[in-house]
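What follows is a short report on a single structure.
The values are calculated or read from the model by the stated rules, or taken from the named source; none is laboratory data. As the structure is a computational prediction, the values presented were derived from the model and not from experiment. Note: ideal-geometry Cβ built from the backbone for every residue, glycine included; neighbour counts use all protein chains shown. Note: areas computed on protein heavy atoms with side chains; ligands, DNA, RNA excluded. Shrake-Rupley method; radii C 1.70, N 1.55, O 1.52, S 1.80 Å.
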Amino acid sequence: MAMTHDYLDFLNERIDIAPANSEEELQAAQVISDLMSQHNVEPSIEDFETPIVPTLAPSVFAILMLVGLVLAGVTPFPVNFIGFLLAAVPAVLSVLRLFGREVSFSFGPTAQSQNVVAVHRAEGPLVTKGSRTIVLVAHYDTPRESPLRTSPLAPYLTTLAKVSHPCSFVAAVCAFLQLMGFLPLPFRIVVLIVGILASVP
């Protein structure tokens, strides 16, 4: 355990904030690769492309949900039905996620990133029978700090992230109720306000 702390301290001193597609990230990869090569493993740096703004798609869908709610509440048919469809997209994605069908949308600009992959071949005089090859992957890039992390909202961000999926269902139901023209107008206004509040997280 003491050795683990030594390595962590070493990496903490040598590796600064390293966002994807930055010179700092490449330097971090080289430091980790050099460290791994000192311990009888074969490290390699594998490049891949990553979205520059990884949260762009959820943010776009969140904005569309809010727009859809407003359209569902203040426009006549068929525009309000289109609004309902827009508001329902995050709820549909949440249902798919619950059933293990994660949908990823990669649009927008991409950047170059890399991982350090090291292989221990289970060879040599100290290797016992039945030993297997071990593959180590270093994940070391760090995101840029969100402005919200230094805002008064910071203590509530984790809670907001947890309730965002249930809130997407509430927003979808509120948008659906706007299609029911036979419901009293004051009730639909209250439901619309609830839906807008639910879309905030």
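Within the bounds of region 6-27, is there any residue that is in contact with a strand residue (DSSP E or B) (Cβ under 7 Å, 6 or more places away or on another chain) and open to solvent by 70 Å² or more (accessible area, probe 1.4 Å)?
Yes, because at least one residue in region 6-27 is in contact with a strand residue (DSSP E or B) (Cβ under 7 Å, 6 or more places away or on another chain) and open to solvent by 70 Å² or more (accessible area, probe 1.4 Å).
Under 9 Å by Cβ, and 6 or more places apart or on different chains, what pairs join a residue from region 174-201 that is of a type in the set (K, R) with one that is surrounded by fewer than 16 Cβ atoms within 10 Å (Cβ to Cβ)?
Pairs that qualify, where the first residue is of a type in the set (K, R) and the partner is surrounded by fewer than 16 Cβ atoms within 10 Å (Cβ to Cβ), are R188/M180; R188/G181.
Quick check on my filter: what residues within region 174-193 are buried (at least 16 other Cβ atoms within 10 Å of the Cβ) and part of a helix (DSSP H, G or I)?
C174, A175, F176, L177, R188, V191, L192
Determine the pairs where a residue that is on the phi > 0 side of the Ramachandran plot, located within region 113-128, has a partner that is modelled with pLDDT of 70 or more and assigned to a loop (DSSP other than H, G, I, E, B) with Cβ atoms under 6 Å apart, the partner being 6 or more residues away or on another chain.
Final answer for the pair search is A122/S131; A122/R132; A122/T133.
Using beta carbons and a limit of 8 Å, which pairs, at least six apart or on different chains, have the first residue in region 24-44 and among the polar types (S, T, N, Q) and the second one assigned to a helix (DSSP H, G or I) and surrounded by 12 or more Cβ atoms within 10 Å (Cβ to Cβ)?
Final answer for the pair search is S44/S33.
With the condition kept exactly as written, say whether any residue in region 97-107 is on the phi > 0 side of the Ramachandran plot and open to solvent by less than 90 Å² (accessible area, probe 1.4 Å).
Yes, region 97-107 contains at least one residue that is on the phi > 0 side of the Ramachandran plot and open to solvent by less than 90 Å² (accessible area, probe 1.4 Å).
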